[in-house]
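Quick note: the coordinates plus some simple rules give every number you see, no bench work behind them. Computed from a predicted structure; not experimentally measured. Cβ placement follows ideal geometry from the backbone for every residue including glycine, while neighbour counts extend to all protein chains displayed.
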Amino acid sequence: MADKSEELIKYMTVQVVQYMETSQEDRRHNRKKAKAAREPWLTRWFGIAPLGITLWWRNRGTVNDAADLESVVSGTGNAGGPAVKEVL
């Protein structure tokens, strides 16, 4: 038990010293960089479903029948709206 507590104290001391040695500007820069690298909260919470719903919502009503659907999927026609290749 004493061994683990000593390791914990050593780890915490190293972390505090590293924090104190870095400048406030560096910490702000690192925080902004980490925040920018994160994926949007909607994707983190709900996965890929919001993307599918968004694509469906944008393209609803643009495909009227099977021929239009085929032309949109293949990318050969416009079918009254943006082709799948243009959206993605």
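Among 17-27, 45-55, how do they line up from the highest to the lowest mean number of other beta-carbon atoms within 10 Å? Mind dumping the intermediate values first?
Values: 17-27: 9.0, 45-55: 11.1.
With the highest mean Cβ count within 10 Å placed first, the list reads 45-55, 17-27.
Between beta-carbons, use under 14 Å as the cut-off and find the net charge around GLY52, counting Lys and Arg +1, Asp and Glu -1.
Details: positive: ARG58, ARG60; negative: none.
Once all neighbours under 14 Å are counted, the net charge is +2.
Taking 0.36 nm per intervening residue step and subtracting the Cα-Cα distance, what contour gain separates LEU55 from THR13 on full extension? It would help to have the intermediate numbers written out before the result.
Details: separation 42, 0.36 × 42 = 15.12 nm, distance 4.98 nm.
Full extension from LEU55 to THR13 adds 10.1 nm.
Please work out whether the range 1-66 counts as rounded, prolate or oblate from its C-alpha gyration tensor, where a ≥ b ≥ c are the square roots of the eigenvalues and a/c under 1.5 means rounded, while otherwise a/b larger than b/c means prolate and anything else oblate?
Values: a/c = 9.32, a/b = 2.68, b/c = 3.48.
Oblate shape, in that a/c is at least 1.5 and b/c is the bigger or equal ratio.
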